[in-house]
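The values are calculated or read from the model by the stated rules, or taken from the named source; none is laboratory data. The structure displayed is predicted, hence computed values, not measured ones. Here Cβ is always computed from backbone atoms with ideal geometry, including for glycine, and neighbour counts include all displayed protein chains. Note: areas computed on protein heavy atoms with side chains; ligands, DNA, RNA excluded. Shrake-Rupley method; radii C 1.70, N 1.55, O 1.52, S 1.80 Å.
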Amino acid sequence: MTVRTRFAPSPTGYLPIGGVRTALFCWLFARRHGGKFVLRIDDTDRQRNVDEALDPILRGLEWLGIDWDEGPEVGGPHGSYYQSQRTGLHQAAVEKLLADGFAYRDYATTEEIQAEREAARERKESFAYSRRFMAETPDQQAAFEAEGRSAVVRLKMPRQGKLVIDDLVRGQVGFEWVQEQDHVIQRADGSCLYHLASVVDDHDLRITHVIRAEEHLSNTPRQVFIARSLGYELPRYAHLPFVAEPGSKVKLSKRKLTKYLKTRDFAQLVDHGREIAEAIHLETNPETFNPVLVSFYRQVGYLPEAIINYLALLGWSLDDKTEHFSREQLVEAFSLERVNKAPASFDPKKLSAIQQRHMLELPITRKAALVLPYLRKAGLVCSESPSELEPKLTMVLEALGDRLKVAGDIIAYADFFFMPDDRMPYDEKAFQKRLGKPEAPELLARFRDQLAEAEPFDAEPLEKLLHEFVESEGIKIGQIIHSIRIAVTGKAFGPGMFDCLAILGQDACLARIDRALARL
């Protein structure tokens, strides 16, 4: 048997972290077993579909390297891979269920169903629909329609016995049939609901393993009933733990960003992202620029391999110590047996640590390619190729070292390297603090004269020059070094100051110090 898994997002919103984690586990399982990973778009909910949400879903998966063997833009032998284009198969399934007595047309109104539900509540009994508006013959249909009623199609669920499934994550799970309602599978307008469409499409696409979030566990009885009633072979089910809020067992939600910002780690993550976004003129609407969505991390400059590494650890582990994985290592190690049942808490701090480690491992050439788009978007360079900025960009990246945690940090820490000398902005608070002292301008002017004579203009000789200056002036290094940094970079922090001086070059450093002195 060839393993076939599927990820079936609905284009009703942008791709959340929890959805990506599900897609990743489906993809890893298929790759681990030499199988096929299928992408299907479940777009039957016409009222909630968002046209602009589909492309970010496809591009997000593509960016992460979660490639699909069959699906949109790829095709395959079992298309279409859009659920809305498979309505003929869904209608045929409804007709078969009706003909075989596993479903019926129901002419009850919403109010009549609700009245029965209220009556059961008053009797302190579980609600079970009486089926008194059920029509199983043409004459019954005609009689109800003569009253002006319209019908939905409901499953005729069993009311005795028990369903037991062997879930690949949760083990044996039992459901009492009496607890199941006669679920609607087709609306009065003829459109089919998710539960029927999903079962029919999984069968038609030859899906062998349905790996999905645990919120779908309660849907399993009705879907098993549909599949058995249609004579389908059941897939194996695996229900994954949901991704929870930081430090909680409540499901992570993109609608609760305000709540999450009250936690320090989440707030730092968002503030960091906003700083980068503002520098590259990116909109920070919380509907789209939200760390619960995968697009947030792509825009800020996270590495796809770091996101994949972190998401794999949300509910799965190889052992109690290994946390750093390449994509290839994850494929080799992944198994459903090691997926946890408990919710997996989203930890921004751990994500950042994993990102930083992956970033540190990158060669300079890859880092250069990653940061260049941010420099362009910020209007700092016009170059289309990293090679056109070498060796300057290489020196900047080497000087940044582990400060470059995400690609967008090139703006926060190193924008001044690429600015015209006469347009570099200052951190005003730091400028006043460091250069507003009475002795600061005179000391800076005298050191400027030393820099004008420096040869060679490299980091080590410049550091030696400053120490000699400090000694000759009889001052502490703190009385001058911060003034130099602010004058030359405009910032109170950043890469090593002597690296900054050497990379900027003698002419630029002198011009910037002159500008700072003139401003004073």
Could you tell me whether region 220-243 includes any residue that is out of contact with any strand residue (DSSP E or B) (no Cβ under 6 Å at 6 or more places or on another chain) and under 20 Å from residue 12 (Cα atoms)?
no
With surrounded by 11 or more Cβ atoms within 10 Å (Cβ to Cβ) and not acidic (Asp, Glu) as the only criterion, which of 123, 131 stands out?
131
(1) in a helix (DSSP H, G or I); (2) open to solvent by less than 60 Å² (accessible area, probe 1.4 Å): which one isn't true of residue 259, the others all being true?
(2)
Right, residue 352: within 17 Å of the chain's Cα centre (by Cα), open to solvent by 30 Å² or more (accessible area, probe 1.4 Å) and either at pLDDT 95 or above or of a type outside the set (D, E, K, R) (or both) or not?
yes
Give 398, 390 a once-over and let me know the one that is in a helix (DSSP H, G or I), touching a helix residue (DSSP H, G or I) at 6+ places or on another chain (Cβ under 8 Å) and open to solvent by 30 Å² or more (accessible area, probe 1.4 Å).
398
Have a look at 458, 449 and point out the one that is farther than 25 Å from residue 374 by Cβ, among the charged types (D, E, K, R) and without any contact (Cβ under 8 Å) to a residue 12 or more places away in the chain.
449
Lone qualifier among 312, 267, 342, 277 - being of a type in the set (A, V, I, L, M) and surrounded by 21 or more Cβ atoms within 10 Å (Cβ to Cβ)
312
Return the total of residues in region 417-428 being touching a residue at least 24 places away in the same chain (Cβ under 8 Å) and assigned to a helix (DSSP H, G or I).
2
Open to solvent by 50 Å² or more (accessible area, probe 1.4 Å) and either of a type outside the set (D, E, K, R) or modelled with pLDDT of 95 or more (or both): which single residue out of 148, 71, 75, 101 fits that description?
148
Confirm whether residue 94 is open to solvent by less than 30 Å² (accessible area, probe 1.4 Å), under 16 Å from residue 205 (Cβ atoms) and among the β-branched types (Val, Ile, Thr).
no
Of the candidates 274, 255, the one satisfying the condition of being at pLDDT 90 or above, within 23 Å of residue 349 (Cα to Cα) and of a type in the set (D, E, K, R) is 274
Conditions first: (1) more than 21 Å from residue 485 (Cβ to Cβ); (2) open to solvent by 20 Å² or more (accessible area, probe 1.4 Å); (3) touching a Phe, Trp or Tyr at 6+ places or on another chain (Cβ under 8 Å). Residue 375 passes all but one, so which condition is the exception?
(2)
